[in-house]
1. Which numbered condition trips up B:Leu275, out of (1) crowded, with 22+ Cβ neighbours inside 10 Å; (2) farther than 24 Å from B:Ile327 by Cβ; (3) touching a helix residue (DSSP H, G or I) at 6+ places or on another chain (Cβ under 7 Å)?
2. How many residues does segment A:295-345 contain that are among the small types (Gly, Ala, Ser) and in contact with a Leu (Cβ under 8 Å, 6 or more places away or on another chain)?
3. Within the set of pairs 6 or more residues apart or between chains, which connect a residue that is assigned to a helix (DSSP H, G or I) inside segment A:262-274 to a residue that is of a type in the set (Phe, Trp, Tyr) with Cβ atoms less than 6 Å apart?
4. Checking the conditions here, which among B:His156, B:His177 is crowded, with 20+ Cβ neighbours inside 10 Å and part of a loop (DSSP other than H, G, I, E, B)?
5. Of the residues in segment B:152-167, how many are touching a strand residue (DSSP E or B) at 6+ places or on another chain (Cβ under 9 Å), free of Cβ contacts under 8 Å to residues at least 40 places away in the same chain and not hydrophobic (A, V, I, L, M, F, W, C)?
6. Being more than 23 Å from A:Ile18 (Cα to Cα) and surrounded by fewer than 15 Cβ atoms within 10 Å (Cβ to Cβ) is the filter here; which residues of segment B:213-249 pass it?
7. When only residues in segment A:321-345 that are more than 7 Å from chain B (Cβ to nearest Cβ), under 19 Å from A:Pro236 (Cα atoms) and without any contact (Cβ under 8 Å) to a residue 60 or more places away in the chain count, which is surrounded by the fewest Cβ atoms within 10 Å (Cβ to Cβ)?
8. Would you confirm whether or not segment B:278-296 contains a residue that is charged (D, E, K, R), at the interface with chain A (Cβ under 10 Å from one of its Cβ atoms) and without any contact (Cβ under 8 Å) to a residue 12 or more places away in the chain?
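Please treat every number below as a calculation from the coordinates, not as lab data. Note that this is a predicted model, so its numbers are computed, not measured. A quick note on method: Cβ atoms are made from the backbone with ideal geometry, for glycine too, and the neighbour counts reach across all protein chains shown.
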Protein chains: 2
Amino acid sequence: MPFNELRKDFLLNRWVVIATERARRPTDFAKERTQQTQTNSCPMCPGNENMTPPAVLLYLKSNDKIVKDKDTFSLRHKNWLIRTIPNLYPAFGPPKEQADEECIMKADNFGYAVGHHEVIVESPKHDEHPSDAELPQLVHVVDGYIDRLQELSQKHYVRYVSIFRNHGQEAGASLSHAHSQIIAMPFVPTTVAQEIEASLVYRNQRDKCAFCDLLEQEAKSQRLITEDENFTVLAPYASVNPMEFWIIPKNHAPNPLNLTNPEKEALAKTLKTTLKALKDLVNDPPYNYGIHLSIDKKAKEHYHWHLEVYPHLAIWAGFEKNTGVYINTIPPEVAAAELKKAIAT
Amino acid sequence: MPFNELRKDFLLNRWVVIATERARRPTDFAKERTQQTQTNSCPMCPGNENMTPPAVLLYLKSNDKIVKDKDTFSLRHKNWLIRTIPNLYPAFGPPKEQADEECIMKADNFGYAVGHHEVIVESPKHDEHPSDAELPQLVHVVDGYIDRLQELSQKHYVRYVSIFRNHGQEAGASLSHAHSQIIAMPFVPTTVAQEIEASLVYRNQRDKCAFCDLLEQEAKSQRLITEDENFTVLAPYASVNPMEFWIIPKNHAPNPLNLTNPEKEALAKTLKTTLKALKDLVNDPPYNYGIHLSIDKKAKEHYHWHLEVYPHLAIWAGFEKNTGVYINTIPPEVAAAELKKAIAT
């Protein structure tokens, strides 16, 4: 199969994957938008494992123990708890030969979209979204993120691993079975690269981590939503999405690779609590969430991983797309107060 | 009325307007998304002038001559050709007193969203979109853009004027009457600022304008869609939107303020031709377009204005929002070939 092409906008320093792997004809689009998300036979439901490529990771229950199985014959197992499979139409595809690996970046502004694109099926139950899931199941999901991050980040052509979730058709979820996605890619993406760079400047100037400082400053602000021993949830000062919130670990770390078991459980609990509050408050809105992290050893001191939740409540139209400036109709202080109230009830 | 607040993301150098002027409660959103765009009594249709604020600019037909009327009593005229009115819920609002004008930017990362937000009603006919409009009517629209740009760019608190159009509800058009919007703002927005800055670097390195060079390079490329004496239309090399195209003037200028009458007519014609091709090809898809320009005298030599059209055919989901990296499923070369074919038929 040919690779997807990676192109860079010279002026905006912005990357785009020209996805010939999933290429469409212009006329496909009108039809596509009217299709339903719900399918009669869901490829992610138990029993339909033959509808997907073989799994790269399964968690199985065996004699009341959790077994993590990475062998592909596990495809035939049906009693899985979570299941990770390669995306059938990957945005970033694995190198086929040594030669491919060497030509990841042909030039400064052109390359191949080499990497991995996986789907984590979060539960055997079709509709089990994080706000409704049992806590142990959500801990498996967090564990699955970290297991895949561990494996993918060790590949020599991988510079970043994006872990994200789309909920609802308007937020880009083309299948309604509860799932997340993982994209391993050969460069650090624009937004995260900017954050890492600015965090380095901040650290050099003040000898402190920008996010650790933020946690201290926001601890008593109107933008604090909830916190426990391990995580703080806040509506960021310059949120671009109405009702946006971030989940930030109190322990400084560039990525979640070294999370302890209590921390994993705390993250699962925080996800459940906050996503349930959002669901109750805005009638199950579409949303996206994603983790910002660094796997670069050099960023250890100055970058601080976190998870950003973007409710999909506004349309980014001509002004936003043309200027890169956003209009948010819910002040973060109001978003925080409402989410806080919803969590309490 | 209180000002909208302007906030800056410290790490991403990204601006957001916290729009208290149009503030919503979280619970408003669920309902709002189901509302219809079409209203029985359209505030932009002739005869409903009393439903909007007084016009700031009208083009009238009088004895077969076009009269441009800037007096507010023109509100009562009903035989207008185009009509510009202040937005009822402005993202950027005019200063009320001298003191306001002086505190546009209170600090580096905070300020007030001072400026103007206007709507240009493009035609007395509700549904007259650019692809169907008569050419003289479209020339009035182009003329209206330039008249408003002329006036707004002279205000001492205005650093940028964004001129854009949303077509279709999915692309953010909340009213279906053919209209564009104009936002005058107190800073140069992120995306345009980056383009201007990179164009300056290009000019310093090569003593040429990046866009003039682009026109030369792309003249025989597969990404060229159409051209005439005055304008070139191409699908940019690193397009982030499927079917995206740009309309670029052949004459170097930082903004369209000095367009000649033949150039205005050529722009109107190019808009009509290309938007009609898009409409025919993808069954009237939603889209946004916007002009990138500079009103800074210092950018005269190195910046080159143009108009970017973004068909709304893909959903920017968790990956795009979290990383700033885009996935485009139609290669620009395919987009160009298809649009070219559609123009020819």
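1. Among (1) crowded, with 22+ Cβ neighbours inside 10 Å; (2) farther than 24 Å from B:Ile327 by Cβ; (3) touching a helix residue (DSSP H, G or I) at 6+ places or on another chain (Cβ under 7 Å), B:Leu275 violates only (3).
2. So the count comes out to 3.
3. Partner pairs satisfying both residue conditions: A:Ala266/A:Phe231; A:Thr270/A:Phe231.
4. Just a single option satisfies the conditions, and that option is B:His177.
5. Result for segment B:152-167: 1.
6. Answer for segment B:213-249, where residues must be more than 23 Å from A:Ile18 (Cα to Cα) and surrounded by fewer than 15 Cβ atoms within 10 Å (Cβ to Cβ): B:Asp213, B:Glu216, B:Asp228, B:Glu229.
7. Among them, the one singled out is A:Lys341.
8. no
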